[in-house]
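Read-outs: derived from the displayed coordinates by stated rules, not from any lab. All of these numbers come straight from a predicted model, not from anything done at the bench. In this analysis, Cβ positions are derived from the backbone assuming ideal geometry, glycine residues included, and neighbour counts consider all displayed protein chains.
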Amino acid sequence: MIETTQTVASRNTNLHRYGEAAIGLCVLGLCAWAAMSGAQQSQNDITAGTTVSAMTQVLGRPTDNSIVVSVLAPNDMEVYAEYGVSPANYTAKTAISSAKARIPVELNIDKLKANTRYYYRLRYKQSDSSAYTTGTEYSFQTQRPAGSSFVFAVQADSHPERKNMFDPELYRRTMANVRKDQPDFYITLGDDFSIDQLGGMAPLSPQIVSQVYINQRPYLSQDGAAAPIFLVNGNHEQAAKYLLNGTANSPAVWAGKARNTYFPQPAIGDGKFYTGDKEPVEHVGMLNDYYAWTWGDALFITLDPYWHSDVVVDNALGESGPTGTAALVADGMAGMDTAAPVAGMAGMEAVATTGTPAQPNYSGMGNRDIWDITHGEAQYRWLEKTLKESKAKYKFIFAHHVLGTGRGGTDMLDQGEWGGKNLSGVWEFDKKRPGWSLPIHQLMVKYKVSAFFQGHDHIYVRQEQDGVVYQETPNPANPNYEDANGWRGAYKTGDYLPSSGHLRVTVSPEIAKVDYVRSWMPKDETAEHKQGEVAFSYTIKPAKVTP
């Protein structure tokens, strides 16, 4: 049962066009690489020639007795971490690690106690120095047991490559709001590391892809130094099976490697703490793309269709939409997923040639077959097993979007392996997915999933279907604060609010509360809208657990 309370809710419905051109590589800090040919760039080294302006630290892979600190610095250095269970009282330390310039080093802090807050700081020195510098003190939490209360937070679609929907200072203000929440961990839902539009501007290389991941660290480390970062793969990351060519010279390989290099993600290992994808990919290794873990009274699951579909799930590399601009125009969706100027958004504005608005098609499929998009047999079996065996009071699932493409939430639940029907509404699940017990949504209902968190549409919408919350997560850095794309039209029901901000989820044995925390630039604050305001709240009751 879901209870809602709207506190401050701006319902600005004005559409805002994408009026900015595609952003150049120099904005992303890639000018030098844009000027170089692919032959001049080492395809075997994903870090040589990248730019790191300052040292950053990001936590990852928390368990009941360990955590990893990823340290990235612009120069060669030696580094270690000191830690203890009270502030400024460090009773243990890691071994000293030699870090090379622009190459992350992971400090493994282990032999910790469960359900304990630890305080830590880095100690580091340049290779040519004899004195260690003392870093800022941060704290982190090891796994909480059932019956505990805790906070986690979620963001989606920061899109730093899109000037018209990304303001660096607003992003930093969102991170400041997150720090105030003191979450145990922070989950990002994809499209934070887009390489799409880079492909049309210069030859892609491992270094260019790596730089995209490096550029996010100064932002995410503002929170990630104290709260482990969990990444969910999005369509614009292009970490996708369709791009594999049997060699290491593939954008998918570069993206897969960069993701795990610059942000320590759950390693499945023996499956005692994390379970998930156990199938390595040639030239990448373990993907760490879908995984699950339990924290307190909650089960957390991430999903990924991109690494498991043979076809393009949403948009191909360098294209502006699911099947390219020409196909989008035919679908009545021109410009709905591009930072380049467009003639207008079909269905929202008059079509010049006919004078009649086209009906928008939010499926994102064009003439493609919805059944070509899949999470794959292994991921489905793992999902079913994980849900079935869990006794958690809350079950939260995180993915970039329903089926990885299209627009909307509950309005597209009946499609493909998510709901069992083709785009014409005809049931085909038994024929197209023989041996699968239920479509994914029905599986979620059967095993009492509390909420499904998705991104992709850059706005806030809370919906519910069959007792499952479908939560669209807003962009954290959009300075226009509006539904810039007109995708609100894909949501026929639900509570809508524009960006920007993040979601704060407070979990207790009795109730889970979801708050939409808004971010505002100082010049945009009013008497009604303040930085850090809670724009919308609702609660989710725990499921009854069968012993």
| Listed residues 275, 236, 294: farthest to the positive end of the dipole of the range 232-306 (Cβ charges) | 236
| task | Starting from the Kirkwood radius over alpha-carbon pairs of the range 449-517, derive D by Stokes-Einstein at 25 °C in a medium of 0.890 mPa s and give it in µm² s⁻¹. | result | 195
| message | At 0.36 nm per residue, and after removing the present C-alpha to C-alpha distance, how many nm does the segment from residue 117 to residue 545 gain when stretched out fully? | response | 151.3 nm
| remark: Kirkwood radius from Cα pairs of the range 430-547 plugged into Stokes-Einstein at 37 °C, 0.692 mPa s, gives D in µm²/s equal to 204
| field | Prolate/oblate/rounded label for the range 43-162 (Cα gyration tensor, a/c 1.5) | value | oblate
| request: Report, largest value first, the span of the C-alpha coordinates of the range 128-278 along each principal axis, in whole Å. | output: 47, 42, 39
| Which one of 399, 424, 387 has its Cα pushed farthest toward the positive end of the charge dipole of the range 379-469, where Lys and Arg give +1 and Asp and Glu give -1 at the Cβ? | 387
| remark: Stretched fully, the stretch from residue 65 through residue 272 gains (0.36 nm per residue minus C-alpha distance, one decimal, in nm) 73.3 nm
| note | Between residue 492 and residue 437, Cβ-based FRET efficiency (R0 45 Å, step 0.05) works out to 0.95
| said: So for each of 205-212, 274-281 I average, over its residues, the number of other beta carbons within 10 Å; can you give me the resulting order with the highest mean first? | reply: 205-212, 274-281
| If the label point is 7 Å along Cα→Cβ of residue 110, which residues in the range 252-287 have backbone nitrogen under 18 Å from it? | 264-275
| request: Within 10 Å, count the other beta carbons around each residue, average over each peptide in 297-310, 440-453, and list them highest first. | output: 297-310, 440-453
| task | Sort out for me the Cα centre separation of the range 425-479 from the range 167-246, rounded to whole Å. | result | 23
| remark: Counting only DSSP loop positions in the range 76-173, the trypsin sites (Lys or Arg not before Pro) whose Cβ has at most 16 other Cβ atoms within 10 Å are 100, 111, 113
| Cβ-derived FRET efficiency at R0 35 Å, residue 137 paired with residue 98, nearest 0.05 | 0.90
| query | Can you give the translational diffusion coefficient of the range 165-220 in µm²/s, computed by Stokes-Einstein from the Kirkwood radius over Cα pairs at 37 °C and 0.692 mPa s? | reply | 250
| message | Under the 0.36 nm per residue contour assumption, what length would be gained going from the current alpha-carbon distance of residue 279 and residue 524 to full extension? | response | 83.4 nm
